[in-house]
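Report on the following structure.
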Amino acid sequence: MSLHWTGQPFVDAGLAALLAASGASRLSDVTATHLDIAVRELERILLSDQALGIGLEKSFAKGTLSQVFPNSELVNPSNWSKGPEGVRAKYRTALKEDLARAKEALHAERGDRLCGICGELRPSAGFVMLRRDRFPLLSGAVNFYPGFLSGVALCGLCALALRFSVASLLRVGERGRLWFLHCPSDIVAARIAQEYGWGHFRRLIAANQPLDFYGDWRTSGNSGAILCLLCQLLRKFANQLRTIYQHGIPTVAYVFSNDNRGGYVEGIPVPTSILDFLQSLYLESVDAFDQFERELLRVDTGRDKREEAQRARFVATIADRIVRAEPIVGASLVEQRLLGGWIAHRTYLREVNGMNEAVLALLERTGIALAQHERGKKLIGRLERAPARDVRAVLLDLVREGVLSGRELAALLPPNEPTSAQIVRDVLLAVVYEYQRCNEVGESFPRLVGGWAIPEPDEVVRRLERIAADLIRTLPNRRQWIADLMTARKTAQIRATYLRALRSGAMSLVDFLFLVPLGDVTQAWVLRDYLLAFLFELGREAVPTDIELVEGEEGATDEVSVLAE
């Protein structure tokens, strides 16, 4: 009966390490001979002087390992009464018994007892009762586990796999919590265990240093460690890592503590879009990939303590947002500089946030035009200070300046998507800052290659464009009418301006009711701005250049004042 992934994170972590140590290519290929090879390697590592702390200042067995298995044969004080050899003898005996049970389960074609972990029928004689000291994070009192048992019954294979889990565990940092990546993929999981488990232990033994779990990430926070691991894996095993997102394999990082005083575990799902983003960025530019990791995920030592703490908080915040697949470009704007590089942010916006490439290209073009504009400094300053609700007004000025068209404004800020204003502002500033930096150092701005047509506008935008064209064609005093619409401060003034157009025959009653829907003040202001955008574009000669656009007073209080009038 072959081995397979169980879905139980700690058992699967052990299976990954067992597979890596055995020399087999897949779990289903593991034989009794492979089990012998893996057990010899586990015994060699955990019974080494460097693991037991013989002649060294620290003992991995009594220290760090006890956080995983609080009362294992290597930790139990009674086993140390006969010295290191007594401990080794106890561990070898227990490991030999587990190996025998595992082989029995592997050879049996069918058993008479169902294992609650792997779901297979195994021989009942090969089951063993485990509690928290040998199965991390189990919770229960002796004789009060399910069925009033003294612990949880595991088949021999699952019990043996748990012993190997130590080679799949990592540290968040040098003194951080323990964690591991649960990824039921033979290639990826075994690679992690081989490189950061077995390989790391062997290097420490060769240098005669006490064993410990790998944690040299030079980052901050749980998410930072996860992302740095993925970056390192991508550099070393890009093809293997690609299988995760190509086949939709669920990947979860588990940060945990198995302290006897109280356990802790946090599951952090890693979206496949993050893996896709990292892979795409690495393929597009290794330099951009390195810059992204260096500027957003690394915490360098040797800084002033205050600066280092501030940097650690920044990295932890960015990493958390990445793992949650949230926008990061705004948080990466620091002192009029874009950290992480534009290529990385553009790839992230496309792969993780789902931004259309045509919109990205439009944002690039708009940001560059803004940086080159003769009034650019003033417009950029307005954009930097603008809260999300005022971004539309700044972009409307860009339409008046001829930088944007009405349809392009609607593509960047669709009338029915007000929440997109913040990300548009952040991306525009990112492009501006990166363009300015490129000019300063003599580099070319890395623009998207190819011609991109903006998405077709929806019915609302097309209707506003048609109304604007009708007004430009039929209004008797276009310049004054547009000026009045620009300077309106209340919904009643907008309505009065439209009524004049209605009286003159330049606007229909249906369009009037569309532009100022009853009871919806906010929508009236939104539609006014997009109507102005098309008026600016289609009737540029009639647009007053000496009048500032009034952003108006939106909200319930304004509607109350309108009703009162």
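The values are calculated or read from the model by the stated rules, or taken from the named source; none is laboratory data. Since the model is a prediction, treat every value here as computed from it, not as a measurement. Backbone-built Cβ (ideal geometry, glycine too); neighbour counts: all protein chains shown.
Quick notes on this structure:
- Taking the numbered list (1) farther than 30 Å from residue 360 by Cα; (2) at pLDDT 90 or above in turn, residue 519 passes all entries but (2).
- Any hit, the range 221-239, residues being outside any helix (DSSP H, G or I) and among the aromatic types (Phe, Trp, Tyr): yes
- Qualifying residue in the range 182-203 (condition: over 16 Å from residue 51 (Cα atoms) and within 17 Å of the chain's Cα centre (by Cα)): yes
- Test: residue in the range 408-417 that is at negative phi, polar (S, T, N, Q) and modelled with pLDDT of 95 or more: no
- Per the conditions (1) of a type outside the set (Gly, Ala, Ser); (2) assigned to a helix (DSSP H, G or I); (3) surrounded by fewer than 19 Cβ atoms within 10 Å (Cβ to Cβ), the sole criterion not satisfied by residue 62 is (2).
- Within the range 339-386, the residues that satisfy the criterion of being polar (S, T, N, Q) and surrounded by 19 or more Cβ atoms within 10 Å (Cβ to Cβ) are 347, 366.
- Residues that are surrounded by fewer than 17 Cβ atoms within 10 Å (Cβ to Cβ) and not in a helix (DSSP H, G or I) within the range 525-546 comprise 544, 545, 546, listed in sequence order.
- Some residue of the range 418-437 being part of a loop (DSSP other than H, G, I, E, B), free of Cβ contacts under 8 Å to residues at least 40 places away in the same chain and among the β-branched types (Val, Ile, Thr): yes
- Unmet criterion (only one of (1) over 19 Å from residue 296 (Cα atoms); (2) buried (at least 17 other Cβ atoms within 10 Å of the Cβ)) for residue 223: (1)
- In the range 263-285, the residues that are surrounded by fewer than 21 Cβ atoms within 10 Å (Cβ to Cβ) and under 22 Å from residue 168 (Cα atoms): 263, 264, 265, 266, 267, 268, 269, 271, 272
- Test result for residue 218, assigned to a loop (DSSP other than H, G, I, E, B), over 21 Å from residue 14 (Cα atoms), at pLDDT below 95 and not aromatic (Phe, Trp, Tyr): yes
- Total residues in the range 385-429 satisfying the condition of being over 20 Å from residue 346 (Cα atoms) and among the acidic types (Asp, Glu): the figure is 4.
- Selection status of residue 489, in a loop (DSSP other than H, G, I, E, B), assigned by the TED database to the domain that holds residue 518, surrounded by fewer than 17 Cβ atoms within 10 Å (Cβ to Cβ) and among the basic types (Lys, Arg): yes
- Residue list for the range 297-338, filter: surrounded by fewer than 18 Cβ atoms within 10 Å (Cβ to Cβ), part of a helix (DSSP H, G or I) and polar (S, T, N, Q): 310, 317
- Single residue of the range 422-446 satisfying the filter (aromatic (Phe, Trp, Tyr) and in contact with a helix residue (DSSP H, G or I) (Cβ under 8 Å, 6 or more places away or on another chain)) that is surrounded by the fewest Cβ atoms within 10 Å (Cβ to Cβ): 445
- Residues that are within 30 Å of residue 131 (Cβ to Cβ) and surrounded by 15 or more Cβ atoms within 10 Å (Cβ to Cβ) were ranked within the range 226-251; the one that is modelled with the highest pLDDT is 226.
- If you go through the range 447-478 and keep only what is part of a loop (DSSP other than H, G, I, E, B) and either surrounded by 16 or more Cβ atoms within 10 Å (Cβ to Cβ) or within 31 Å of the chain's Cα centre (by Cα) (or both), you end up with 447, 448, 449, 450, 451, 452, 453, 454, 455, 456, 457, 475.
- The residues of the range 126-136 that are outside any loop (DSSP other than H, G, I, E, B) and under 22 Å from residue 4 (Cβ atoms), listed by number, are 126, 128, 130.
- The number of residues in the range 188-214 that are acidic (Asp, Glu), closer than 26 Å to residue 250 by Cβ and assigned to a loop (DSSP other than H, G, I, E, B) comes to 0.
- Flag if residue 293 is surrounded by fewer than 18 Cβ atoms within 10 Å (Cβ to Cβ) and among the acidic types (Asp, Glu): no
- The residues of the range 80-132 that are modelled with pLDDT under 95, buried (at least 17 other Cβ atoms within 10 Å of the Cβ) and either of a type in the set (Gly, Ala, Ser) or not assigned by the TED database to the domain that holds residue 70 (or both), listed by number, are 105, 108, 111, 126.
- In the set (1) in contact (Cβ under 8 Å) with a residue 60 or more places away in the chain; (2) surrounded by 21 or more Cβ atoms within 10 Å (Cβ to Cβ); (3) under 24 Å from residue 279 (Cβ atoms); (4) in contact with a Leu (Cβ under 6 Å, 6 or more places away or on another chain), the condition left unmet by residue 399 is number (3).
- Residue satisfying all of: in the range 1-35; without any contact (Cβ under 8 Å) to a residue 24 or more places away in the chain and outside any helix (DSSP H, G or I); surrounded by the most Cβ atoms within 10 Å (Cβ to Cβ) among these: 24
- Taken together, 366, 347 contain a single residue that is under 16 Å from residue 293 (Cβ atoms) and in a helix (DSSP H, G or I), which is 347.
- When residues of the range 90-113 are limited to those that are small (Gly, Ala, Ser) and part of a helix (DSSP H, G or I), the one farthest from residue 75 (Cα to Cα): 105
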